[in-house]
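Take a look at the structure set out below.
The values are calculated or read from the model by the stated rules, or taken from the named source; none is laboratory data. Worth saying up front: this structure is predicted, and the values here are computed from it rather than measured. Every residue, glycine as well, gets a Cβ built from its backbone with ideal geometry; the counts of neighbours run over all protein chains shown. Ligands, DNA and RNA are excluded from the accessible area calculation, which covers all protein heavy atoms including side chains. Shrake-Rupley method; radii C 1.70, N 1.55, O 1.52, S 1.80 Å.
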Amino acid sequence: MDFIANNPSLTSAQRQEAQKAANLLRTGIIDDQVQKVAPSWFNTYVNLGGKNDATSSANIQTSLQSLERVNKERTTAGVRSLKISPISTAISMIDADYQKQGFLNHPKFYGYRQNLENLSAGSEAISNWMSEQEDWQWNVKKNPSLAPYEFSPNWQDPAYTQAVLGSNGYRTAGHYTNFSK
C-alpha cells in the first residue's frame, strides 16, 4: 500500500486512500478520528507480510488471480467488474487473518454487513459461491417476488433476508447474490 500511496501517476485521492490502507494494515485502525482502537485480536492474528499472513506477497498474488476469476463470472452474469479498493483490500486482509482462530466467521469489526463479505474454506471459493445460484433460483421459485433482487439487495424485505441467509425454509444464497452484484 505504501508503494501505491507514493505513486505520482495516481490522483491525490487515490494516494490518500492507499495511505489510509497502509496505516490500517500497520495499526488495525482506519481513522483515529472515528475508530480509536484496533480489534482486540489484531495483534494476535495479523503478522504484516508474514509467510502465512493474508498480507504475504504470495497471498496477495493469489487474491489478484481470484479477482480475475470473479470478474469473469460477473461478466458472464452481466454485471460490472469489481475494482480494487485499497481500504477494502486492507480490511479483507485483516479479516482473513481473523480466521486463524480456526473457524469461519464474519468479524464485523469494521462494519461489514452480511451482504458485503464472502467467506469460504478451501481452494475453490468462487465455485462454492457460484454453486448457490441454484439455491437462489429455488428461492425465487418459492417466492417469485424475490426475482428483481438477485443482484440488488433489499434488506427491508424479510423474505429477501431469509432467502440470502437460508432461514425460514429458504436455501442459503447470499454468497452468490453478493458475489455477482
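At-a-glance table
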quantity	calculated
Translational D in µm²/s for the chain (Stokes-Einstein at 4 °C, 1.567 mPa s, Kirkwood Rh from C-alpha pairs)	73 µm²/s
Principal-axis tilt of helix 86-98 within the chain, Cα atoms, nearest 10 degrees	80 degrees
Solvent accessible area, Å² - V37, 1.4 Å probe, full protein context	90 Å²
Accessible area (Å², per residue) of the chain, counting only protein heavy atoms and a probe of 1.4 Å	59 Å²
Value of relative contact order over the chain, rounded to a whole percent, pairs C-alpha under 8 Å and six or more apart	18 percent
Proximal lysines to K83, defined as alpha-carbon separation beneath 21 angstrom and excluding residues fewer than eight positions away on the same chain	K20, K72, K181
Spacing of the two label points (7 Å from each Cα toward its C-beta) at A147 and N52, in nm	5.0 nm
Under 16 Å from the Cα of K142 - aspartates and glutamates, other chains or at least 8 residues apart	E132, E134, E150, D157
Label-to-label distance, nm, for residues given as N168 and S9 (7 Å Cα→Cβ offset)	5.1 nm
E124 accessible area, 1.4 Å probe, all protein chains in place, Å² to nearest 10	90 Å²
Helix 12-27 axis, angle to the chain major axis (alpha carbon atoms, nearest 10°)	80 degrees
Accessible-area composition of the chain, carbon plus sulfur, in percent [1.4 Å probe]	51 percent
Rough spin-label spacing in nm, given labels placed 7 Å along Cα→Cβ, for Q99 and E124	1.6 nm
Of K100, K20, K36, the one that fluctuates the most in a GNM where the chain has Cα springs shorter than 10 Å	K36
